[in-house]
Amino acid sequence: MRHLIPAKLILGVNRFGAALLIVKQILDRLYSQSGLRCNPQKCEVFFGGKALVYKEHALRVSGFAEGHLPVRYLGLPLIAGRLTSKECAVFVDKLTSGIRS
């Protein structure tokens, strides 16, 4: 007996897949025009509440690894909201010690 998959899930996967293919086509065009290519070993895809089907498809199409939050840059977490003083303390300490030396 075949398992039934809700039409909404199939439609969502199809739309998500189409969006991924468009992004991939844009990246391929960038490569053909500039010679710049994304390095799959240095690139990651981040997901927010997506089903496993979406994740597997995105990882397969992109060739990138799955990233996990929080991502840090220069010791600071990359977040959508405001940074707290606690989150900035390490960066400020490194910055002031570099200035003093």
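The values are calculated or read from the model by the stated rules, or taken from the named source; none is laboratory data. Since the structure is predicted, the reported quantities are computational estimates derived from the model, not experimental observations. When we count neighbours, we look across all protein chains shown, and the Cβ atoms used for this are built from the backbone with ideal geometry, even at glycine.
Tallying residues that are surrounded by 13 or more Cβ atoms within 10 Å (Cβ to Cβ) and among the basic types (K, R) within segment 47-71 yields 2. Can you name the residue in segment 31-46 that is touching a helix residue (DSSP H, G or I) at 6+ places or on another chain (Cβ under 9 Å) and surrounded by 11 or more Cβ atoms within 10 Å (Cβ to Cβ) and, of all such residues, is nearest to P70 (Cα to Cα)? Checking each candidate, the answer is V45. Would you say K55 is touching a Phe, Trp or Tyr at 6+ places or on another chain (Cβ under 7 Å), in a helix (DSSP H, G or I) and modelled with pLDDT of 80 or more? Yes, satisfied.
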